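Visitor: Here you go, one structure.
Derivation of every value follows stated rules applied to the coordinates shown; laboratory data play no part. Here the structure is a predicted model, which means the values were calculated and not measured. Virtual Cβ from ideal backbone geometry, glycine too; neighbours counted across all protein chains shown.
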Amino acid sequence: MDASQVTEIRRRIAYETARTEPPDGFPKLSDIPLGRYTDPDLYQLELDRVFKRSWLFALHATELTEVGSYRLLDIPLAPVLVVRGADGELRAFMNACRHRGAPVVREAEGVTRLLVCRYHSWSYDLEGRLVRVPDERDFVGLCKEDRGLVEVRCEQWGGFVFINLDTCAPPLVHWLAPLIRRIPEIADAPLRVVSRKSCDVGCNWKIMAEGFLEVYHAKTIHRSTVAETLDGAGAVMELLTNGHTAMITPYSEKALSGRDSVAGLPRIPGIGELFWTTNPAYGIFPNLITPLEAAGFPFLLFWPLAIDRTRLDVVWFGVDWGTDARPERWDKRLAGFDVVMDEDMANLEPIQRSVKAAAHTGIPLNYQERRIWHVHAALDSMIGRSSIPEALQVPDLLAHYVEA
Ligand code: FES
Ligand SMILES: [Fe+2]
C-alpha cells in the first residue's frame, strides 16, 4: 500500500468518525429476503455459477516445496489434488482416475514420484500424463495421451495458491486486481502456515461470512475482546469490483497506547504502518476473509457443505521461523483468536433456525453493513439475475460506490 493510499484511508477514517448520519444519497436498502439462506435452487446456483467459477484459496506454496509433494484439497465442490511437478510448478488435477474414476490419491498429503491409482494401477506422472496401463493390450484403441488426469486451473498470487474449476475463468491476477492494488506487500512476504483448524457449523455459508463483514456486532458480542481494541466508529468500508471488499478499522487510543500490537512476534517485513495502527480486513469473493495484522493473519474460508451446513477453515500465516520449533508466543496468539471466533460462532446456528422458521420478515441492513449487501449483489450478478426469482433478488443498489 503506497503513501497516497494510506493518506486516503486516513482521510476516510476521519470522515467516518465525524459523520452523524450516512453520507448524502446513500440509498435505503430493502430487506435481504430470508429465502436466500433456505432456497435450495438458489443454493445450487451459488455452487454451480459462483463457487465453481471463482478462484478459491487452496494452500500456501511453502506447504508443498518438494518435487512430488501433493495435497488433497478438502473442498466440497470436487475432489482436487495439488502436486508439485518435476519442473517445480504447482498443478491441480481432479483426483479421479481416467479409467473408472477411483481416486489416484487417498492420503491427505504425501510425496510421490508417480500417482498410481489403487484400483487397477493406472499410473500418472507428476504432470498428470497417463504413463502406465496394466494389460494395455486388452484395451481396444486406448490413447494414453488423451487420458491424462483432468487439469484444474491453479495459479498463484505470490505464495498464495488458488484453484478454479472453470477452465474459462479470467486469470487469478485479474480476479484479485483490486486487492493486489491495495495489499501487494502480503503476496511475497516470507510467510509460512502457522496453523490450520476447521469446524462445521449448522448454518448457510452466507450467514457465517456475514459475521465477518461488519464491526457493528463488536460492541455486543466481543465486548471484552475485540471491542476493547477497535474503534468501530472510524471503520472505512470499500466495495470493490468482483464482489471483493475491504474494512479498515482503526485501533482504539487505549489499544494503541497500552498494547503490544504484534504480541511479541516479528513483524512481517515490508508491511507498512497502517497494519499496526488499524485492522485492515479484506474479503476475497466469494468465501475468504482475512483480517490482516502486522505479525501474522488468518485466512477464514467458508465452505458450503449443505444449504444449512458450513465448514470454517482457519489458516494462519506468520513470519517464517526457520527450522526451530514454533515460537511459544504463537500459542497465546492463536488461543486469543479462538476466544473471539467462539463469540462469533455462537449466533450462527440460532440464526439459521430463525430464517428457516421465517421467525422474522427479512434483514434490514444499515450503512455499516453495506459490505453484506455488496456480496449478495455480486452473487446475483455472477449467477445472472434472470435465473433468480424476483422475490429473492438483491438489486445492485450500491453499484455507484464500487471501486476498482
Ligand atoms: S479406476 Fe483407476 S485404474 Fe481402474
Ligand atoms: Fe466478530
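Visitor: For the chain, what is the calculated [θ] at 222 nm in deg cm²/dmol (nearest 500), taking -39500 (n - 2.57) for each run of four or more DSSP H residues and dividing by its residue count?
Guide: Details: 12 runs with 96 residues, N = 404.
After summing the helix terms and dividing by residue count, I get -6500 deg cm²/dmol.
Visitor: Normalised by the number of residues in the chain, what is the relative contact order in percent for Cα pairs under 8 Å and 6+ residues apart? Display every interim value, and only then the final one.
Guide: Details: 718 pairs, mean separation 82.3, N = 404.
Here the relative contact order equals 20 percent.
Visitor: Normalised by the residues of the range 56-157, what does the relative contact order come to in percent, with Cα pairs under 8 Å and at least six apart?
Guide: Values: 187 pairs, mean separation 23.5, N = 102.
About 23 percent, as a whole number.
Visitor: Only residues of the range 48-71 count here: report those whose backbone N is under 20 Å from the spot 7 Å along Cα→Cβ of Leu77, or say none.
Guide: Only 48-61, 71 pass the distance filter.
Visitor: Going by how many other beta carbons lie within 10 Å of each one, how would you line up His244, His60, His120, fewest first? Spell out each step's value before the answer.
Guide: Details: His244 26, His60 18, His120 13.
Result, fewest neighbours first: His120, His60, His244.
Visitor: If you don't mind, there's one more thing I want to ask. At 7 Å along Cα-to-Cβ for each site, give me the label-to-label distance between Thr112 and Lys332 in nm.
Guide: Taking the simple label geometry, Thr112 and Lys332 are separated by 4.4 nm.
Visitor: Against the longest alpha carbon principal axis of the chain, how many degrees, from 0 to 90 and to the nearest 10, is the axis of helix 370-383 turned?
Guide: 30 degrees
Visitor: Let me ask something additional. Going 7 Å from the Cα of Trp321 along its beta-carbon direction, which residues of the range 330-372 have the amide nitrogen within less than 20 Å of the resulting point?
Guide: Answer for this model: 330-339.
Visitor: Now, a different point. Only counting other Cβ atoms within 10 Å, I'd like Ile372, Ile13 sorted with the fewest neighbours first.
Guide: On the way: Ile372 24, Ile13 20.
Final ranking by Cβ density, sparse to dense: Ile13, Ile372.
Visitor: Still on this structure, I have one more. Pairing rule first: another cysteine's C-beta must sit under 4.7 Å. Under that rule, which cysteines of the chain stay single?
Guide: By the Cβ distance rule, which asks for a partner under 4.7 Å, the isolated cysteines are Cys143, Cys154, Cys168, Cys199, Cys203.
Visitor: Further question: Size of the chain along its principal axes in angstrom, Cα-based, largest extent first?
Guide: 79, 55, 37
Visitor: Here's another thing I want to ask about it. Assign unit charges at the C-beta atoms only (+1 for Lys and Arg, -1 for Asp and Glu), then state the dipole size of the range 310-404 relative to its Cα centre in Debye, rounded to the nearest 20. Don't jump to the answer; show the numbers that get you there.
Guide: Values: 10 positive and 15 negative charges, 44 e Å.
With Lys and Arg at +1 and Asp and Glu at -1, about 220 debye.
Visitor: Further question: I want to check a number: in the chain, how many lysine pairs have alpha carbons closer than 20 Å, given a sequence separation of 8 or more or different chains?
Guide: Counting lysine pairs in the chain gives 5.
Visitor: Also: Once the Cα atoms of helix 329-345 and of the chain are each reduced to a long axis, what angle between those two axes, in degrees from 0 to 90 to the nearest 10, is obtained?
Guide: Compared with the principal axis, the helix lies near 80 degrees.
Visitor: If you find the alpha carbon centre of the range 206-238 and of the range 67-114, how far apart are they in angstrom?
Guide: If we compute the Cα centre of each part, the gap is 38 Å.
Visitor: Given charges of +1 on the Cβ of Lys and Arg and -1 on the Cβ of Asp and Glu, with all other atoms neutral, how large is the dipole of the chain about its Cα centre, in debye to the nearest 20?
Guide: Numbers: 45 positive and 55 negative charges, 85 e Å.
My answer is approximately 400 debye.
Visitor: Take Ala233 and Arg181, extend 7 Å from each Cα along the Cα→Cβ direction, and tell me the distance between the two endpoints in nm.
Guide: It works out to 3.1 nm between the two label points.
Visitor: Starting from the Cα-Cα distance between Val173 and Ser30, subtract it from 0.36 nm times their residue separation and give me the gain in nm to one decimal. If you can, show how the numbers build up before the last one.
Guide: Numbers: separation 143, 0.36 × 143 = 51.48 nm, distance 3.36 nm.
Full extension from Val173 to Ser30 adds 48.1 nm.
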